[in-house]
Amino acid sequence: MAVLPFCSRAAGDAGDKARELQQVRSRIQALQERFRRGGEEKTRAERELQRLESGIGRLQQRLRTIAEELDRDGQQLAELQSRQQRQLEALQTQRRQLASEVRAAYLMGHQQQIKLLLNQQQPASVGRVLVYFAYLTRARSERIASLHETLRQLRQLEEQIEQKRARLNALQQRKRAESQRLEQQKRERQALVARLSQQLQAQGGELKRLQADERRLRELVASLQDVFADISADSGQRLPFAKLKGKLGWPVRGRLSKRFGSRRGNSGLKWEGVMIAAPEGGAVHAVAAGRVAFADWMRGFGLLLIIDHGDGYMSLYGHNESLYKEVGEWVDSGEVIATTGASGGQTKSGLYFELRHRGRPINPLRWCAGKPSARPG
């Protein structure tokens, strides 16, 4: 009985944590909605870009789920077929054994069994022969029963295999349909990005837009600062982020196309992170353990994911094709959190990567080891 107060207290603590996390998620969702809409009115084309890129991200997630189901069901089908083969081999063995016994019994015949009994001179010998005949009869009955059971299992396996094949066919059809929708949305997006680019050039508004996008990102990071500070950590002991300087792995394998602090064309602005050119659909990895603070579409950065690593440190991953994590989720170092893409109106696939400390950008080249091109695939 002494453990009851402790159990009650533990259950209460778990409930408090869940409520705290829900409150934080609500706050972040409100922030996401605010920054999704933007401080200034989006053009119709920008709203359409957001819709298309968010839809592409969802389609990619569904295709990933379908691929996982296909892989799992394929393995299960292979196992069922292997079991079926073993049962067929067992059935053949049982049939041969039973046929041999039936043939021997037929050759001996009923009269031969009586003659064998009458030829026995000693009562003990008669008893042994009777026991032997009873054993043969019982063994034959057991083999017949075993044969029937094997046949039953084979019928059951055949039904399971047919069901699994039907499910695999349905999944393949779903995959084809979703892939066609994805290709259509990508074509629409490509045409829209070209139209947006022409509009910006015609209006000379690129600098203004870049400045607005940078300002809104700074505001977002400031709003998210210490957002999880009031929630006790339940992720186990982790090395402080500050101790990882120079040891972080790059989030994606690719070529460094834009460096921290370099000029952004003729805009006069500087890059506050790095751009890593990488093929579309590549795995994006968390550079360190932490908690997802933001996962949504944002103008200028597309599908953006931000991880809070504690002590004021954050990592930002932009222009993703799809996001695999939701706000509040814990992630481990190296865990796949997204896939590379060109969301946010980019014309080339890659990842925009930033590190920040208390809202200020810090140079990823000083924190990550080696080059992104040397990252294991």
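The values are calculated or read from the model by the stated rules, or taken from the named source; none is laboratory data. Just so it is clear, the structure is predicted and the values come from calculations on it, not from any experiment. All Cβ positions, even for glycine, are placed from backbone atoms using ideal geometry, and neighbour counts span all protein chains on display.
Here GLU326 clears all of (1) within 17 Å of VAL284 (Cα to Cα); (2) crowded, with 22+ Cβ neighbours inside 10 Å except the condition numbered (2). Restricting SER262, SER315, SER322 to residues that are hydroxyl-bearing (Ser, Thr, Tyr) and over 26 Å from the mean Cα position of the chain (by Cα) narrows the list to SER262.
Scanning segment 269-288 for residues being more than 20 Å from GLN60 (Cβ to Cβ) and out of contact with any His (no Cβ under 7 Å at 6 or more places or on another chain) gives a total of 8.
When GLY261, GLY300, GLY290, GLY236 are checked against the criterion of being at pLDDT 90 or above and not basic (Lys, Arg), GLY290 stands alone in meeting it.
Within segment 316-372, if we keep just the residues that are without any contact (Cβ under 8 Å) to a residue 40 or more places away in the chain and not in a strand (DSSP E or B), the residue that is farthest from ARG189 (Cα to Cα) turns out to be GLU329. Of all residues in segment 264-315, those satisfying the criterion of being closer than 22 Å to GLU48 by Cα and assigned to a strand (DSSP E or B) are PHE294, ALA295, ASP296, TRP297, MET298, GLY302, LEU303, LEU304, LEU305. When segment 43-58 is filtered for residues that are among the hydrophobic types (A, V, I, L, M, F, W, C) and either loosely packed, with under 15 Cβ neighbours inside 10 Å or farther than 18 Å from ASP213 by Cα (or both), the ones remaining, listed by number, are ALA45, LEU52, ILE56.
Within segment 205-222, is there a residue that is of a type in the set (S, T, N, Q), in a helix (DSSP H, G or I), modelled with pLDDT under 80 and not assigned by TED's automatic domain parsing to the domain that holds GLY57? Yes. The set of residues in segment 342-377 that are surrounded by fewer than 20 Cβ atoms within 10 Å (Cβ to Cβ), of a type in the set (A, V, I, L, M, F, W, C) and touching an Asp or Glu at 6+ places or on another chain (Cβ under 9 Å) contains only ILE362.
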